[in-house]
1. Can you tell me how many residues within segment 54-80 are surrounded by 13 or more Cβ atoms within 10 Å (Cβ to Cβ), at pLDDT 75 or above and out of contact with any helix residue (DSSP H, G or I) (no Cβ under 9 Å at 6 or more places or on another chain)?
2. Do any helices (runs of 4 or more DSSP H) lying entirely in segment 327-427 carry at least 1 residues that are within 16 Å of the ligand (Cβ to nearest atom), and which ones are they?
3. If only one of R298, R289, R281 is at negative phi and in a strand (DSSP E or B), which one is it?
4. Within segment 302-326, how many residues are more than 16 Å from the ligand (Cβ to nearest atom) and without any contact (Cβ under 8 Å) to a residue 12 or more places away in the chain?
5. Show the residue pairs that are 6+ apart or on different chains and have beta-carbon atoms under 9 Å apart, the first residue being within segment 557-578 and outside the structural domain of V655 (by TED's automatic domain parsing), the second being of a type in the set (D, E).
6. Collect the residues in segment 206-242 that are over 18 Å from E297 (Cα atoms), assigned to a loop (DSSP other than H, G, I, E, B) and at pLDDT 85 or above, keeping them in residue-number order.
7. Of the residues S579, S572, S565, which is touching a Phe, Trp or Tyr at 6+ places or on another chain (Cβ under 9 Å), among the hydroxyl-bearing types (S, T, Y) and outside any strand (DSSP E or B)?
Amino acid sequence: MECLSIQMATKAIAETPVRTPLTQILSDENAEGNFGEALQTSCKQHHCSTNVSATQPQSCLGQALPSDIVTTAKASLARCEDLRSQATKASEGAKKAVAEAKAAATNLSHTISTIDAVISDASSFESQWLSFKKKFDDLTKMACAKLQGMGDASAERKRPAEVISEERVAQVLSRASKVVVLTGAGISSESGIPTFRGADGFWTVGSENYQPQELATWEKFNEMPGELWRWYQYRWGICRTAHPNDGHRALVDLEDLVQGGLTLVTQNIDGLHLQAGSDRRRLYEIHGRIDEMRCDERLEGACLHGVDLNDATNFAKARATITQTPAPAKEETDEHLPCCSVCGVRQRPKILWFDECYNEPIYGSRSVQDATQECDVLLVVGTQLTTGLPSNMVNVAFSKGATIIKMDTIVDLSDEKSAGMLHVQGKSGEALPRIVSELRKMRQEPALAPLAEPSGTVLVSKSLSHGAPLAGSPALSLRRKSLAAEGDPISSPVEARSAARTFASKRNSSARPGAILGTPPTRNRSSGALKAAASVSLKDCATVGAGSPVEGFFVYGTLRPDDDSGASWTKSFCEGMESDIAFLPGASLYVEGYPAVSLEQTRCSVRGCFLQPSSSDMLAAKLLEADRIEGYPDLYDRTVMLVNTLSGGSRLAYVYHRTGRTDRANCVRIADGDWLSRKRG
Ligand SMILES: [Zn+2]
């Protein structure tokens, strides 16, 4: 890359003779008269080939020239030499300058291409860096997920957040064996206890205002134990006057209604659960209690100094140092931090501080993790899950396939942290008693509710021709299972139906299945429609069905458009039909390889989708397709039921079920009646 001016300069210099011939200089030398011209003319006349010499100024004939001419010639020649030397120097300087310019230009060009390369490398490096960073982030997330006990597979399977009704919470609890309840500041705030976080929690020491997060550390306590002691005594003063609310009491009642046992875990330090009557043996106050103190293992000379609190043989010793906190003094200045009666070293509040770790003997962290591993349902009440163990509990519950229900006054389904959970919006002091009341009614049902008499089957035309079950469809798989189960008295339809009839005749007519359950959380329909949808019993269904056209299908397994099991027929079956979330009251969902509904005399419902074809021709075609997939009539029965849809009202729908065929006692029953919430292994 050579610029034009350098090219021109180079050319000009190349064309400039380095040594100008003397003759030319002489002829050009006008300043010195016509001497040169005269000399040349004289030499030419004698055919002279002798060079004119400045030192031997003589003619070719060897004759001496006149002295004035010699003098002039000498001066001219000297001048010529001088000019020649100057020209040579200038020429060499110019050459050097050109060479330097050329080198500079080459360097510049090289530099520019280097810069280009650097720029191009830089942009590709940036994309490489971004891609590396993303990979690293993904790896970190995976590692975190694994550390928190949830493989990346279960992370991918997190279902979208969903709001459910209180009745459905009761349904889930009624079918659960082991339940863990985790409570946070929300339940205590309904008893008038401030959160002690943010603006309402700051504490002034001298002229400094401290946030609770700054104060609640061991380091701060060790730095100014007297000040922090006064702060805790002030807070205890508030907690002492608070009383448990209906939410606390409902959780006491819940203990007796959970079949496999309830574990209550609280982040609250106010002691209100115990005060309400919760069983101390199943209560874990993982952040401590404000009304208790203990020895400080970090102080030399203390009972617990140097004792490993994670060693089970030390648990009893650690717990033995726990004492009751003295009542707050009337005047703040009268507060004195107590010392241990055994070791004489100052005690500390039995509170887990921000710079401390959980342990088993004081906070029960291991027991809480074990209970969470085993639970079917984790009910989270009034906490944002910002601290370590509680958020870890949620991750463990996810990884184990437990149903997670979160209750709070504010529900934000768009929040990333809401995913994978069912949400109930409400005050715990109001919602928990209603849930417990509903659960109590459900508990009056036997563990396996009597089967219901499927009704409406008269509507089904048996004249339709049926093809063979599709390859790989549940029909084929169930055919094998069904053959294997033959002769099992529990799965005998005749016996089951007879039992159902006996039960039905004894039933109070007001106890209708699904009267409350299955009510969608978004109540955008009229209360009239709600009542109509809720008050249809299985018996009513036959009456309604006799003269009304069937509108579509109630699907709950692999026929659901949102099913994620990858069945080959899901998409083609759902194509062309409108779908809506729907509930089938008076039914339970069992899994025996594939999902199967049993119609039962139960308050519970099954959650699925209502699919509506656009024409009666499509309905007929889809019916044939569904019959083939479900293996009707050999494997699944088909009936017509009223189902409640989320958008409002109730619809008559075909329902494939295995009432009386499923061995319910040996099947997995899905707690919330929702196939997509099943535990997957
Ligand atoms: Zn001590």
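1. Looking only at that region, the number is 2.
2. Details: elements: 360-363, 365-374, 388-399.
By residue number, 360-363.
3. On the way: R298 fails: in a strand (DSSP E or B); R281 fails: in a strand (DSSP E or B).
Step by step, each of R298, R289, R281 is checked, and only R289 is at negative phi and in a strand (DSSP E or B).
4. Total satisfying the criteria: 3.
5. none
6. T241, A242 - these are the residues of segment 206-242 that are over 18 Å from E297 (Cα atoms), assigned to a loop (DSSP other than H, G, I, E, B) and at pLDDT 85 or above.
7. On the way: S579 fails: outside any strand (DSSP E or B); S572 fails: touching a Phe, Trp or Tyr at 6+ places or on another chain (Cβ under 9 Å).
The unique qualifying residue is S565.
Residues checked against (1) farther than 17 Å from V436 by Cβ; (2) hydrophobic (A, V, I, L, M, F, W, C); (3) assigned by TED's automatic domain parsing to the domain that holds V380:
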site: T266; (1), (2), (3): yes, no, yes
site: H273; (1), (2), (3): no, no, yes
site: A276; (1), (2), (3): no, yes, yes
site: C295; (1), (2), (3): yes, yes, no
site: D308; (1), (2), (3): yes, no, no
site: N314; (1), (2), (3): yes, no, no
site: A320; (1), (2), (3): yes, yes, no
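The values are calculated or read from the model by the stated rules, or taken from the named source; none is laboratory data. Values in this document were obtained by computation on a predicted structure and should not be read as measured data. Backbone-built Cβ (ideal geometry, glycine too); neighbour counts: all protein chains shown.
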